Each structure stands twice: as C-alpha cells, then as structure tokens.
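See below for the structure under consideration.
The values are calculated or read from the model by the stated rules, or taken from the named source; none is laboratory data. Keep in mind the model is a prediction, meaning the values are calculated, not measured. Glycine also receives a Cβ, built like all others from the backbone with ideal geometry; neighbour counts cover every protein chain displayed. For the accessible areas, the whole protein counts, side chains as well, though only heavy atoms, and no ligand, DNA or RNA atoms are used. Shrake-Rupley method; radii C 1.70, N 1.55, O 1.52, S 1.80 Å.
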Amino acid sequence: IFSVDAGATFERSTSFANQSFIQTLEPRLFYLNVPYKNQDAIPVFDTQALTFMWPSLFRENRFGGADRQMDANQLTTAVTTRFLNAENGKERMNFSLGRITYFDDPKVYLPNEPFLPTDGSAWVAEGNIRLSDEWQIGVTQHWNPASKQTELSSIRGYWSLPSGLKIN
C-alpha cells in the first residue's frame, strides 16, 4: 500500500457580523495505490463495506474487517475552510468539499456489493456551525455526478455540557 497525503493551510483575517475571525483555506490531496490481489478464495467472515462519508475520502481501505483489502489507484481532492474566533481561537464554522477520482476501476468487491462509479465517488460537502459554546449544528450532502442525484442529505445538532459544569 502506497499513499501520499499532502495539504497546506492558508490564513487571513476577516470579519462579519461585527466579529473578527481568522479564516483558513486548507487544500488537501490524498493519493492511494493498492495493487490488485484476487481474494475470491478467501471467505468473507466479518468484513463489511464501510459507510461512505467525509473520512472515507482519506481511508486506505473501504472495508472494515480482516477478510478484504481494496485495490486502488485514486486521488482525493478536497478543500476545507474554517472560521476561528480571532480572540480565543475557537472554531466557529467549517465547510468542506471533496471527491475521489478513480484512475483504475476497482476490482475487489464483497458479494452483492454494488459497483463503484467508474469515474469517481460522489462529491461530499459538509458544514458545521457552532451557535454557542454548547450548541452546534451540522449538515452533510453527497451528490453523485454520474447519476446527477443526491445520495445522502443529513442535518444534525449537538449539545455539550457547559464548561465547568460538574455532574455528581
């Protein structure tokens, strides 16, 4: 397995809604090459295809379990921007977009697993906004350019305990 993960972080000062922020721009490239090995003679005991989401863009195996290792010749291109409070450095917002481009069609699959698109993965977009120190909302969108359809849309909310709160 050969992989190269490269990125950079650029920063600038900005402001909106009467607040000062440090905005980052973080491009990232992840190249993965895993040679094909025929694994048809190996039974599938506990391996599952992992759910496709943002971290999947940077995984070295799309399977969970020890029975299969994917083959790959692919490049992930992604970009993230963050807005950090200029006074205390706390992240207030982040937005990310990325996609895998396949240079060779994958050959290793689990039984009954659907084939991956030949040109690349769905576009994955994510955003998170911290409304306060305790409340955060996030959205995720997966859009498949081959079918021109949304594969996943989600919205989530988080609440965390206030700082310094003790529960006995």
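Selection of region 134-147 for residues being over 21 Å from Ala78 (Cβ atoms) and open to solvent by 70 Å² or more (accessible area, probe 1.4 Å) yields Trp135, Ile137. I'd like to know if region 69-79 contains one or more residues that are modelled with pLDDT under 95, open to solvent by less than 70 Å² (accessible area, probe 1.4 Å) and part of a loop (DSSP other than H, G, I, E, B). No, there is no match, as no residue in region 69-79 is modelled with pLDDT under 95, open to solvent by less than 70 Å² (accessible area, probe 1.4 Å) and part of a loop (DSSP other than H, G, I, E, B). Counting only strands (runs of 3 or more DSSP E) wholly contained in region 1-60, the ones carrying 2 or more residues that are surrounded by 14 or more Cβ atoms within 10 Å (Cβ to Cβ) and not acidic (Asp, Glu) occupy 19-34. Return the residue satisfying two criteria in turn: it lies in region 80-95 and is under 20 Å from Phe30 (Cβ atoms) and open to solvent by 60 Å² or more (accessible area, probe 1.4 Å), and of such residues it is nearest to the chain's Cα centre (by Cα). Result: Phe95.
Yes/no per residue for (1) in contact with a strand residue (DSSP E or B) (Cβ under 8 Å, 6 or more places away or on another chain); (2) part of a strand (DSSP E or B); (3) at pLDDT below 90; (4) surrounded by 11 or more Cβ atoms within 10 Å (Cβ to Cβ):
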| site | (1), (2), (3), (4) |
| --- | --- |
| Gly98 | yes, yes, no, yes |
| Asp105 | no, no, no, yes |
| Tyr109 | no, no, no, yes |
| Ala125 | yes, yes, no, yes |
| Gly157 | yes, yes, no, no |
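The set of residues in region 127-150 being in a strand (DSSP E or B) and not β-branched (Val, Ile, Thr) consists of Gly127, Asn128, Arg130, Trp135, Gln136, Gly138, Gln141, His142, Trp143, Asn144, Gln149.
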